[in-house]
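The structure under discussion appears below in the form of structure tokens.
The values are calculated or read from the model by the stated rules, or taken from the named source; none is laboratory data. The structure displayed is predicted, hence computed values, not measured ones. Cβ atoms come from the backbone with ideal geometry, glycine included; neighbour counts cover every protein chain shown.
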Amino acid sequence: MSVLVYTENWDGKFKKLSFELVSYASKIAEMTGTSVTTVTIGDMADDELKTLGRYGAEKVICIKNDNLSVLDNRNYATVLAQVAQSEGSKVIIVANNNRGKAIAPMLSVKLKAAIGAGVSQLPLSINPFTVYKRTFSGSSFAHVVLKTDVKIITLAQNSFDIIESNRDVKIEKIDVQIDVPKTQVKDVQKQTGKLLLTDAEIVVSGGRGMKSPDNWGPLVELADLLGAATACSRPVSDEGWRPHEEHTGQTGKIIAPNLYITVGISGATQHIAGVSGSKYIVAINNDKSAPIFEVAQYGLVGDAQKVLPKLVEAVKEIKGK
Amino acid sequence: MKILVCISHVPDTTTKVKFVDGDTKLDTTGIQWVINPWDELSLTRALELKDDPSTGVKSVTVAHVGGAGSEPTIRKALAIGADDAIRVNAEPADAYFVAAQLAEVAKKEQFDIIMCGIESSDYNGSTVGGMLAEFLNIPSVSAVSSLKIENGQAVIVREIDGGKETLTVPVPFVAIVQKGIAKEPRIAAMRGIMMARTKPIKLYEPIAIEPLTEYVKFELPKPRAACKFVDPENPKQLIELLQNETKLI
Ligand SMILES: Cc1cc2nc3c(=O)[nH]c(=O)nc-3n(C[C@H](O)[C@H](O)[C@H](O)COP(=O)(O)OP(=O)(O)OC[C@H]3O[C@@H](n4cnc5c(N)ncnc54)[C@H](O)[C@@H]3O)c2cc1C
């Protein structure tokens, strides 16, 4: 039995997302009367592996093999399928991030396991196994029954709060037989020293109402002061005012921070599709009839260039800077 | 080289969705159907590759699983520039079902590169491309933001969580594409629309596949609390509210 969680690591470290996944899995283990096993791939120190026990993992499997040093979707799916089978896992949890989305569908075919993709809550029921997921890009949600014996859930990032439930963990380090990857990575460009948009709890996002790429200074300063990541609407990244990684929405990143502060964004359906999972939305816009105010909980009707410096001042005051 | 582009037929992205039959089905009245935005970009990129003789791409085929009602969407893809099309005549029951049908088509027709969008804007599954590759026992590369063919070799950029990787992978493979793959979707010109009328749409009957999931109910998002407006002359009030009420600052 056991609920199996694939916990990705970043250069040997876990992050909040990993703890969300394990916390979520322990709740499902509780609902189904079983325990949580995690599997991670790479070279990891025991101390780091043990941290997963804090969120309810009882067994932590760490797999190291040179053929797994690059993400080859099939190799990863093969390894996870092997572990799931040897553990007899009936529920497998992965993150609904780039890596999770790359592996889960292959795993689904290998195990003939139904996928609940982009799930944002605990299962609504265990029998039948019904998950709750976003559909029509956030303009609705669906109850989906996963009809197979083994089920896969890809969990939306930031949708489940971390729960501490200290467990003693058993660490198992294993090697596997796996082919040389077909995917040959030639070059890696990592975004370093910058808070990832998908990880951020607070995001400050600018739209066309920012008027020019030269006006971003106070927005970035506000974000820095708040420990926030910066984002933008599609036309802004299309124009090259901001980097593509910052584009949120239907065709950009889908994020669910606790606080999403928009500046000069009109709130088009396609933009909201990417951010509707945010706990609170703030709108700063000079047009009081802009649709963004329909989805925002806090609004300010005003000119971005005048308002931003004042917000920066206010935050500095609060933070005592 | 032959490219297959898998296309999904979805409600226009501005649609306010509604449900019928006790919230079990999408209300399709008045819906404008479009090619899934990702698939439109993926088709655009496939055509750009074909336009460049150095790539050796000879044909671009589109495939779709759907009833006769989705033919206009397929014709649109042909009008944009696809050479021919395949329709598997079945309602797309779920991602597993669709991927299995596409795999049958791909096995018979043999493609070098198969392109799928990273998600369909209706059921937001992000799963068909990966499933298809696994059914075919070929590699998949996900979150692809650039696909080039250099000296007969596919050179791909994919987004990883926190960066980018440039990689190569041997054909045949499935590329699951996202933002960046093409700048703007190509639109159909008059000549394309005329030509599309006579381009072939090959019909396949579906194979028997049991879907693995069942959508039993839909619901609309819970209404959000109404917007509290702060005095524009006093932006500090906004920060205070966020601090006191959301406790996030
Ligand atoms: C298939 C498809 C997919 C799409 N995907 C996305 C997506 O993923 N993400 C996305 O963002 N968009 C997407 N779009 C585009 C979307 O429809 C909108 O065009 C876009 O979101 C608008 O961006 P914006 O809000 O920055 O600009 P605008 O709509 O131009 O809005 C600018 C806002 O700024 C306000 N403003 C102007 N001056 C000021 C000022 N001085 N101070 C304060 N406010 C000011 C205006 O009142 C206005 O509300 C998509 C469109 C399509 C068709």
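Observations on the model:
- Of the residues making up the stretch A:123-142, those that are in contact with a strand residue (DSSP E or B) (Cβ under 8 Å, 6 or more places away or on another chain) and not charged (D, E, K, R) number 12.
- Some residue of the stretch A:151-172 being among the β-branched types (Val, Ile, Thr), out of contact with any Asp or Glu (no Cβ under 9 Å at 6 or more places or on another chain) and modelled with pLDDT under 95: no
- Candidate set: the stretch A:133-159, residues that are within 15 Å of B:Glu214 (Cβ to Cβ) and at the interface with chain B (Cβ under 7 Å from one of its Cβ atoms); chosen: the one surrounded by the most Cβ atoms within 10 Å (Cβ to Cβ): A:Val144
- Qualifying residue in the stretch A:300-307 (condition: outside any loop (DSSP other than H, G, I, E, B), buried (at least 20 other Cβ atoms within 10 Å of the Cβ), near the ligand (Cβ under 8 Å from one of its atoms) and in contact (Cβ under 8 Å) with a residue 60 or more places away in the chain): yes
- Those residues of the stretch A:252-293 which are among the small types (Gly, Ala, Ser) and either within 6 Å of the ligand (Cβ to nearest atom) or more than 8 Å from chain B (Cβ to nearest Cβ) (or both), in sequence order: A:Gly252, A:Ala256, A:Gly264, A:Ser266, A:Gly267, A:Ala268, A:Gly274, A:Gly277, A:Ser278, A:Ser289, A:Ala290
- Some residue of the stretch A:33-47 being in a helix (DSSP H, G or I) and either of a type outside the set (Lys, Arg) or at pLDDT below 95 (or both): yes
- The set of residues in the stretch A:253-273 being part of a loop (DSSP other than H, G, I, E, B) and within 14 Å of A:Gly206 (Cα to Cα) consists of A:Gly264, A:Ile265, A:Ser266, A:Gly267, A:Ala268.
- The stretch A:281-294 - residue that is touching a residue at least 12 places away in the same chain (Cβ under 8 Å) and surrounded by fewer than 20 Cβ atoms within 10 Å (Cβ to Cβ) and, of those, nearest to A:His247 (Cα to Cα): A:Pro291
- Of the set (1) over 30 Å from A:Ile255 (Cβ atoms); (2) touching a helix residue (DSSP H, G or I) at 6+ places or on another chain (Cβ under 7 Å), all apply to A:Lys147 but (2).
- Flag if A:Glu245 is of a type in the set (D, E, K, R), crowded, with 20+ Cβ neighbours inside 10 Å, in a helix (DSSP H, G or I) and more than 9 Å from the ligand (Cβ to nearest atom): yes
- Boolean, A:Glu313 is more than 6 Å from the ligand (Cβ to nearest atom) and within 8 Å of chain B (Cβ to nearest Cβ): yes
- The stretch A:195-232, residues that are within 14 Å of the chain's Cα centre (by Cα) and charged (D, E, K, R): A:Asp199, A:Glu201
- Subset of the stretch B:149-201 (residues that are more than 11 Å from chain A (Cβ to nearest Cβ) and exposed (fewer than 14 other Cβ atoms within 10 Å of the Cβ)): B:Glu150, B:Asn151, B:Gly152, B:Ile187, B:Ala189, B:Met190, B:Arg191, B:Met194, B:Arg197, B:Thr198, B:Pro200
- Taking the criterion of being surrounded by 17 or more Cβ atoms within 10 Å (Cβ to Cβ) and more than 14 Å from A:Val312 (Cβ to Cβ), the residues of the stretch A:210-229 that qualify are A:Met210, A:Ala229.
- Looking only at residues in the stretch A:218-242 that are part of a strand (DSSP E or B) and among the aliphatic types (A, V, I, L, M), the one that is nearest to the ligand (Cβ to nearest atom) is A:Ala231.
- Among residues of the stretch B:150-161 that are more than 24 Å from A:Lys190 (Cα to Cα), those with a beta-carbon under 8 Å from a residue that is among the small types (Gly, Ala, Ser) and not in a strand (DSSP E or B) at least six positions away or on a different chain give the pairs B:Gly152/B:Gly56.
Listed here are the residues, each with its yes/no results for (1) surrounded by fewer than 19 Cβ atoms within 10 Å (Cβ to Cβ); (2) in a helix (DSSP H, G or I); (3) within 19 Å of the chain's Cα centre (by Cα); (4) assigned by TED's automatic domain parsing to the domain that holds A:Gly249.
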site	(1), (2), (3), (4)
A:Cys62	no, no, no, no
A:Val70	yes, no, no, no
A:Ser86	yes, yes, no, no
A:Ile92	no, no, yes, no
A:Ala102	no, yes, yes, no
A:Ser108	no, yes, no, no
A:Gly116	no, no, yes, no
A:Val131	no, no, yes, no
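- Taking the criterion of being within 15 Å of the ligand (Cβ to nearest atom), within 11 Å of chain A (Cβ to nearest Cβ) and surrounded by 15 or more Cβ atoms within 10 Å (Cβ to Cβ), the residues of the stretch B:3-30 that qualify are B:Val10, B:Pro11, B:Thr13, B:Thr15.
- For the stretch B:36-58, the criterion of being of a type in the set (Phe, Trp, Tyr) and closer than 22 Å to A:Ala268 by Cβ is satisfied by at least one residue.
- Filter result for the condition that a residue is among the acidic types (Asp, Glu) and over 27 Å from A:Ile152 (Cβ atoms), over B:Glu214, B:Glu205: B:Glu205
- Of the residues B:Gly180, B:Gly125, the single one that is in a loop (DSSP other than H, G, I, E, B), without any contact (Cβ under 8 Å) to a residue 40 or more places away in the chain, touching an Asp or Glu at 6+ places or on another chain (Cβ under 9 Å) and under 21 Å from A:Ser237 (Cβ atoms) is B:Gly180.
- Being assigned to a helix (DSSP H, G or I), under 24 Å from A:Glu8 (Cα atoms), of a type outside the set (D, E, K, R) and at the interface with chain A (Cβ under 8 Å from one of its Cβ atoms) is not true of B:Ala143.
- Residues satisfying the stated conditions in the stretch A:5-32, i.e. closer than 30 Å to A:Thr192 by Cα and either part of a strand (DSSP E or B) or hydroxyl-bearing (Ser, Thr, Tyr) (or both): A:Val5, A:Tyr6, A:Thr7, A:Trp10, A:Lys13, A:Ser18, A:Ser23, A:Tyr24
- Count of residues meeting criterion [away from every other protein chain (no Cβ under 11 Å) and touching a Gly at 6+ places or on another chain (Cβ under 9 Å)] in the stretch A:224-245: 8
- Members of the stretch B:210-237 found to be under 22 Å from A:Val131 (Cα atoms), surrounded by 13 or more Cβ atoms within 10 Å (Cβ to Cβ) and more than 7 Å from chain A (Cβ to nearest Cβ), listed by number: B:Pro211
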